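Heads up, the thing below is written out as structure tokens.
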Amino acid sequence: MNYLSTRGHPDRKRFCEILLEGLAPDGGLYLPDHYPQVDAATLAKWRNLPYAELAFEILSLYIDDIPPADLKAICAKTYTPEVFGTEEIVPLRELEDGVYLEALSNGPTLAFKDMAMQLLGNLFEYELARRGAELNILGATSGDTGSAAEYAMRGKKGVRVFMTSPDGRMSPFQQAQMFSLQDENIHNIAITGVFDDCQDIVKAVSNDLGFKRKYRIGTVNSINWARLLAQVVYYFAGYFQATASNDKPVSFTVPSGNFGNVCAGHVARMMGLPIQTLVVATNENDVLDEFFRTGIYRVRAAADTHETSSPSMDISKASNFERFVFDLVGRDAARLRSLFVDELGGQGRFDLSGDPAFRQAAERFGFKSSRSTHADRLATIRDTDKRFATLVDPHTADGLKAAREHLAPGVPMVVLETALPIKFAATLVEALGHEPARPARFEGIEALPKRVVKLPSDVEAVKAYIAQNCD
């Protein structure tokens with residue numbers, strides 16, 4: 001399997017090369033040169049596999065430069081009941097008629113990001129040991145990616161993590177999870193600005209090829225294909241749990257800010273998984289909802305990026321959206337580059353409303369969308385608690401609202417849970433009048449000493465900090 005850049009760079013690379021690289025040299029995102037096709041016989045073979053074995057089967061279709069025995073061992077080491085709490089790893093439960101919740105938040109940091117990050121940590125350690133190399137990971141987080149990455153990488157040989165986050169824009173619990181880590185290979189950088197500023201810094205550093213090579217910069221954000229690939233697995237696992245046979249379609253609703261989680265669903269659908277609809281659930285930062293309704297993709301400035309009660313989705317530049325648009329325009333790299341570099345880069349928007357490709361977003365690729373407000377989240381949290389004795393976090397509440405707006409008779413709708421409610425306790429208290437349960441290992445976490453530096457939203461300041469801590 002070879003990988004190409006969405007922006008047309010001529011190089012073709014193998015998996016382990018792009019694992020450590022992040023962005024392509026031309027600023028594009030890596031994608032496989034084709035999506036392996038999964039037929040009915042393969043689905044039947046996979047249906048009853050344990051999660052770690054299912055992960056191995058799917059990853060093997062995309063990774064051919066790690067010996068199969070080694071890859072199988074990495075999957076077995078990653079997806080264990082000890083790490084994820086249950087034998088199913090991602091257990092599914094029916095909440096009401098036709099609506100299901102897929103639990104993705106039972107990992108070490110109580111968020112769905114653990115599903116991919118735990119694998120990524122083990123892949124990094126394996127490949128760096130094989131090369132005798134080191135890697136400095138630069139990331140951006142709006143809340144959950146940072147802690148998932150840091151818990152996955154802490155103590156890993158040959159790896160340092162430099163994680164940027166928007167100063168004061170995460171929940172107290174999310175901040176405490178990250179900033180309380182005292183490991184020497186973990187560096188937290190609070191940026192004065194919003195998540196999009198952090199993400200822009202990561203991309204700018206990745207595009208400085210001289211700096212990137214000198215300091216061996218890699219990434220764990222969903223711009224890293226390996227992370228997105230790991231997320232593809234739980235779509236298959238959810239499908240198998242929601243159906244009794246492989247001739248039944250299923251839909252998924254995905255709370256989405258950076259488009260990585262739902263982009264993994266797009267990949268699964270392109271492989272042949274019988275997904276009827278992929279519903280993108282947004283909050284008041286509704287850039288993606290606007291696109292799927294109108295065909296216009298219009299990023300917002302930092303001042304126009306709302307601070308909401310589902311803060312991990314407070315994003316106005318969805319990095320992984322470029323991967324989907326690449327497929328939407330028929331993998332035409334020149335067209336993609338014109339949209340994202342010329343139009344989006346120059347005007348802050350592009351318009352596909354009059355393009356036949358836009359209709360395919362729904363017709364061929366199955367995408368629909370929805371938007372929620374703070375009042376919607378509170379109402380959904382209260383309703384889910386009252387009717388089903390189930391607590392959900394604000395992002396999952398956005399997903400439940402969207403799911404009910406796009407139900408189709410006879411088609412199970414699987415809502416991807418994003419985090420446990422304790423990570424957003426203030427909103428739960430506002431909705432219900434009491435705090436959600438807290439795992440014992442996180443008692444008192446907010447009071448622990450913090451290890452974090454504050455920097456301006458400035459690429460050179462971040463590069464200087466990285467250089468200082470790598471020498």
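The values are calculated or read from the model by the stated rules, or taken from the named source; none is laboratory data. Worth saying up front: this structure is predicted, and the values here are computed from it rather than measured. Ideal geometry is used to build each Cβ from the backbone, glycine not excepted, and the neighbour counts take in all protein chains shown. Please note that ligands, DNA and RNA were not included when accessible areas were found on the heavy atoms of the full protein model with its side chains. Shrake-Rupley method; radii C 1.70, N 1.55, O 1.52, S 1.80 Å.
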Next on the checklist: I need the strands (runs of 3 or more DSSP E) fully contained in region 70-157, keeping only those with at least 3 residues that are open to solvent by less than 10 Å² (accessible area, probe 1.4 Å).
Outcome noted: 135-140
Checklist outcome for this item: Within region 97-127, residues over 14 Å from Gly238 (Cα atoms), among the acidic types (Asp, Glu) and touching a helix residue (DSSP H, G or I) at 6+ places or on another chain (Cβ under 7 Å) come out as Asp114, Glu127
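Go through Ile422, Ile466 for me and flag whichever is modelled with pLDDT under 95, of a type outside the set (D, E, K, R) and open to solvent by less than 10 Å² (accessible area, probe 1.4 Å). It would help to see each step written out before you state the result.
Details: Ile466 fails: modelled with pLDDT under 95.
Of Ile422, Ile466, the one residue that is modelled with pLDDT under 95, of a type outside the set (D, E, K, R) and open to solvent by less than 10 Å² (accessible area, probe 1.4 Å) is Ile422.
Of all residues in region 363-404, which are under 17 Å from Phe292 (Cβ atoms) and exposed (fewer than 15 other Cβ atoms within 10 Å of the Cβ)? Explain how you work it out, then say what you get.
Residues of region 363-404 that are under 17 Å from Phe292 (Cβ atoms), as a first pass: 363-372, 398-399, 401-403.
Once the filter is applied, which keeps residues that are under 17 Å from Phe292 (Cβ atoms) and exposed (fewer than 15 other Cβ atoms within 10 Å of the Cβ), region 363-404 yields Glu363, Arg364.
Does region 399-422 contain at least one residue that is on the phi < 0 side of the Ramachandran plot, in a loop (DSSP other than H, G, I, E, B) and touching a Cys at 6+ places or on another chain (Cβ under 9 Å)? I'd like the intermediate steps shown before the answer.
Pass one, region 399-422, residues on the phi < 0 side of the Ramachandran plot: 399-409, 411-422.
In the following step, the residues that additionally are in a loop (DSSP other than H, G, I, E, B) were identified as 406-407, 409, 412, 417-418, 420.
Then keep just the ones that are touching a Cys at 6+ places or on another chain (Cβ under 9 Å); that gives none.
Looking through region 399-422, none of the residues is on the phi < 0 side of the Ramachandran plot, in a loop (DSSP other than H, G, I, E, B) and touching a Cys at 6+ places or on another chain (Cβ under 9 Å).
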Item to check | Options Arg331, Arg293, Arg300: the member that is open to solvent by 10 Å² or more (accessible area, probe 1.4 Å), within 18 Å of Thr192 (Cα to Cα) and more than 19 Å from the chain's Cα centre (by Cα) | outcome: Arg300
Item to check | Matching residues, region 143-182, being within 16 Å of Ala426 (Cα to Cα) and within 17 Å of the chain's Cα centre (by Cα) | outcome: Gly143, Met170, Gln174
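Looking only at region 367-397, which residues are assigned to a helix (DSSP H, G or I) and either of a type in the set (Ser, Thr, Tyr) or closer than 13 Å to Leu101 by Cα (or both)?
Hits for region 367-397 are Thr380, Thr384, Phe388, His395, Thr396, Ala397.
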Checklist entry - Which residue pairs have Cβ atoms under 6 Å apart, sit 6 or more places apart or on different chains, and have a first residue in region 290-315 that is of a type in the set (S, T, N, Q) and a second that is open to solvent by 50 Å² or more (accessible area, probe 1.4 Å)? => result Thr294/Ser353; Ser309/His374
